[in-house]
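Colleague: I have a structure I would like to understand better, so I am pasting it below and will then ask my questions one at a time.
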Amino acid sequence: MSKNINYTKRESWGSSFGFIMAAAGSAVGLGNIWKFPYVAGESGGAVFLFIYLICALLLGFTVMLCEHALGRNSQQDAVGTFKKIAPGKKWWLVGAIGVLASFIILSFYSVVAGWTLAYIFKSVIGSLAGLQLTEYSGFFSNFISNPVEPIIWQSIFMIITVIIVVAGVQSGIEKWSKVLMPALFAILLLIIVRSLTLEGSMEGVKFFLSPDFSKINSTVVLSALGQAFFSLSLGVGAMITYGSYLNKRSNIPSAAFMIIALGILVAVLAGLAIFPAVFATGMSPSGGPGLIFMVLPAVFSKMPFGHFFEIIFFILLSIAALTSAISLLEVLVAFIKDQLKWTRKKAAIISGVLAFIWGIPSSLSQGIWSEFLFKLPGQKPKVFFDLMDFFASNILMPIGGICVCIFTAYIWKTNNAITELSNNGKYRYSWLPLWGFLVKYIAPIVIFLVLLQGLGILKS
Ligand code: PHE
């Protein structure tokens, strides 16, 4: 994207590689490293992994191709895309759901990203050093239940996100991501090695890799689906928006494949890094949103140069969170800029401030507001934070995914989508017709059934 925004000519990526890095940067984030292990831990481990993989490979890939094709074809924001392809119809509401979901996700995402920033600081000043294994959980709970400190970190994170989105992302994000991805891999591998060599770690490997199919139930399947969409940034218009900055020469299918592969790989590596350590340190895999913050410092404390790796890890995690948060904010900014014709700067600042304010109750719900529970039919009572996550990830994202498939298949028509994806026949992938079949018949129906089952609307 150019830094000097020219309102008559739309911004675009510098190169296909830049697009892959930015889209992979959007996909790989807290969802893969923070959320995946804790949701998997609460949902039976290996069974969850198994269903997650199916959802990500089959449904995630299908929806991602739709989103990229729609965005590149229309060269518009999430709402404008539907308006342009189906003028005068109500389909733009699908884009509007995406904008709403992005806003909600950004609100609680910045809370967790604030925790990671705080953990960089805490590692640097040595507050995590010298704790006993059992003390890491208490340390974390104390921190997140404080009514002020986490909100300050959340605001710092939001300010950084807004500054980058205002400045334009090409030179910043494209460059950073190229260094970040390999570094993140390397450090995850190191953690895995240490985690696997801890005494008692094999229980964790078993928990994560050997599925007990008797644990499958509709709630687990819905969380795995929600997690697949969340970790791949689908169903909220982010991939439509990023696709809209693509030029007509880029090879979308190969880019989408790389993005999915990276997203899945990082989630699996994160699971392998965490679960062996969870069991080795005697913690519980269903430790909730604090899981990695409680377990990883314990692993680092048992590693040579652990303090150094701890700092690097939280820095990388923060940057991974940043590249995802940028894409969430970009959905809002592109929408406001294209539809309401505001400047990028005004759009970014106002959306950032509003998402920050909406995030405050999520932060407080970890402490002084933890007694305010929301009861949804068929679900465990949830604090505000979990409610926002559930609503966005397990309801809005799957609905977005269903609508994107239906729109692509029946309104835009699969043939037009295939023409877009194959660059007018230049890349004739033999599986594209199969993809068309998935978009038309399989993906929307499967997602719909999972959603109904998971919400307890269909009684099994
Ligand atoms: N995929 C991101 C992550 O895993 C979160 C995200 C969701 C980003 C939706 C953009 C859109 O952290």
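Colleague: Within the range 214-231, is there a residue that is of a type in the set (Lys, Arg), more than 16 Å from the chain's Cα centre (by Cα), more than 11 Å from the ligand (Cβ to nearest atom) and under 26 Å from Tyr38 (Cα atoms)?
Modeller: So in the range 214-231, the residues of a type in the set (Lys, Arg) come out as 215.
Among the residues that remain, those that are also more than 16 Å from the chain's Cα centre (by Cα) are: 215.
Narrowing the set further to residues that are more than 11 Å from the ligand (Cβ to nearest atom) leaves 215.
Subsequent filtering for residues that are under 26 Å from Tyr38 (Cα atoms) retains 215.
Scanning the range 214-231, I find at least one residue that is of a type in the set (Lys, Arg), more than 16 Å from the chain's Cα centre (by Cα), more than 11 Å from the ligand (Cβ to nearest atom) and under 26 Å from Tyr38 (Cα atoms), so the answer is yes.
Colleague: All but one of (1) in contact with a Leu (Cβ under 8 Å, 6 or more places away or on another chain); (2) farther than 27 Å from Gly98 by Cα; (3) assigned to a helix (DSSP H, G or I) hold for Lys302, so report the exception by its number.
Modeller: (3)
Colleague: Quick check on my filter: what residues within the range 93-102 are surrounded by 20 or more Cβ atoms within 10 Å (Cβ to Cβ) and of a type outside the set (Gly, Ala, Ser)? Can you show your working first?
Modeller: Keep residues of the range 93-102 that are surrounded by 20 or more Cβ atoms within 10 Å (Cβ to Cβ), which gives 94-95, 97-99, 101-102.
Those that are surrounded by 20 or more Cβ atoms within 10 Å (Cβ to Cβ) and of a type outside the set (Gly, Ala, Ser): Val94, Ile97, Val99.
Colleague: Looking at the range 275-282, can you tell me whether even one residue there is surrounded by 22 or more Cβ atoms within 10 Å (Cβ to Cβ) and either under 14 Å from the mean Cα position of the chain (by Cα) or within 14 Å of the ligand (Cβ to nearest atom) (or both)?
Modeller: No, because not a single residue in the range 275-282 is surrounded by 22 or more Cβ atoms within 10 Å (Cβ to Cβ) and either under 14 Å from the mean Cα position of the chain (by Cα) or within 14 Å of the ligand (Cβ to nearest atom) (or both).
Colleague: Any idea how many residues of the range 427-448 are assigned to a helix (DSSP H, G or I) and modelled with pLDDT under 90?
Modeller: Of the residues in that region, 0 qualify.
Colleague: Say whether the condition of being at pLDDT 95 or above, surrounded by 18 or more Cβ atoms within 10 Å (Cβ to Cβ) and not aromatic (Phe, Trp, Tyr) is met by at least one residue in the range 82-89.
Modeller: Yes, the range 82-89 has at least one match.
Colleague: Is one or more of the residues making up the range 254-268 surrounded by fewer than 24 Cβ atoms within 10 Å (Cβ to Cβ), of a type outside the set (A, V, I, L, M, F, W, C) and modelled with pLDDT under 90?
Modeller: No, the range 254-268 contains no residue that is surrounded by fewer than 24 Cβ atoms within 10 Å (Cβ to Cβ), of a type outside the set (A, V, I, L, M, F, W, C) and modelled with pLDDT under 90.
Colleague: Sort out for me the helices (runs of 4 or more DSSP H) sitting completely within the range 67-154 that have 2 or more residues that are within 16 Å of the ligand (Cβ to nearest atom).
Modeller: Numbers: elements: 78-85, 92-124, 135-145.
In the range 67-154, 78-85, 92-124 are the helices (runs of 4 or more DSSP H) which contain 2 or more residues that are within 16 Å of the ligand (Cβ to nearest atom).
Colleague: With respect to Gly25, is the statement that it is part of a helix (DSSP H, G or I), modelled with pLDDT of 90 or more, buried (at least 20 other Cβ atoms within 10 Å of the Cβ) and within 15 Å of the ligand (Cβ to nearest atom) true?
Modeller: Numbers: part of a helix (DSSP H, G or I): yes; modelled with pLDDT of 90 or more: no; buried (at least 20 other Cβ atoms within 10 Å of the Cβ): yes; within 15 Å of the ligand (Cβ to nearest atom): yes.
No; evaluated as a whole, the condition is false for this residue.
Colleague: Something else about it: Hey, could you check the range 12-58 for residues that are over 15 Å from the mean Cα position of the chain (by Cα) and of a type in the set (Ser, Thr, Tyr) and say which is farthest from Ile240 (Cα to Cα)?
Modeller: Ser43
Colleague: Quickly run through the range 328-353 and pick out the residues that are basic (Lys, Arg) and assigned to a helix (DSSP H, G or I). Can you show your working first?
Modeller: The first filter runs over the range 328-353 and keeps only residues basic (Lys, Arg), leaving 337, 341, 344-346.
Residues satisfying the conditions are Lys337, Arg344, Lys345, Lys346.
Colleague: Sort through Ala277, Ala256, Ala267 and tell me the only one that's assigned to a helix (DSSP H, G or I), touching a Phe, Trp or Tyr at 6+ places or on another chain (Cβ under 6 Å) and in contact (Cβ under 8 Å) with a residue 24 or more places away in the chain.
Modeller: Ala267
Colleague: Applying the selection to the range 28-43, what residues are within 16 Å of the ligand (Cβ to nearest atom) and either surrounded by fewer than 24 Cβ atoms within 10 Å (Cβ to Cβ) or outside any loop (DSSP other than H, G, I, E, B) (or both)? Give the steps one after another, and end with the answer.
Modeller: Step one: filter the range 28-43 for residues within 16 Å of the ligand (Cβ to nearest atom), giving 28-40.
Leu30, Gly31, Asn32, Ile33, Trp34, Lys35, Phe36, Pro37, Tyr38, Val39, Ala40, listed by residue number.
Colleague: I want to confirm something. Restricting to the range 13-22 and keeping residues that are more than 16 Å from the ligand (Cβ to nearest atom) and outside any loop (DSSP other than H, G, I, E, B), which single residue is nearest to Ile315 (Cα to Cα)? Reasoning before the result, please.
Modeller: If we filter the range 13-22 for residues that are more than 16 Å from the ligand (Cβ to nearest atom), which is where we start, we get 13-18.
Going one step further and asking which of them are outside any loop (DSSP other than H, G, I, E, B), we end up with 16-18.
Details: Ser16: 27, Phe17: 24, Gly18: 22 Å.
For the range 13-22, the residue satisfying everything is Gly18.
Colleague: Then there is this: Have a look at Ser327, Ser365, Ser370 and point out the one that is within 16 Å of the ligand (Cβ to nearest atom) and among the hydroxyl-bearing types (Ser, Thr, Tyr). Step through it out loud before you land on a result.
Modeller: On the way: Ser365 fails: within 16 Å of the ligand (Cβ to nearest atom); Ser370 fails: within 16 Å of the ligand (Cβ to nearest atom).
From the options Ser327, Ser365, Ser370, the qualifying one is Ser327.
The values are calculated or read from the model by the stated rules, or taken from the named source; none is laboratory data. What you see is a predicted model, and the numbers here were worked out from it, not measured in a lab. Cβ coordinates were reconstructed from backbone atoms using ideal geometry, including for glycine residues, and neighbour counts include every protein chain displayed.
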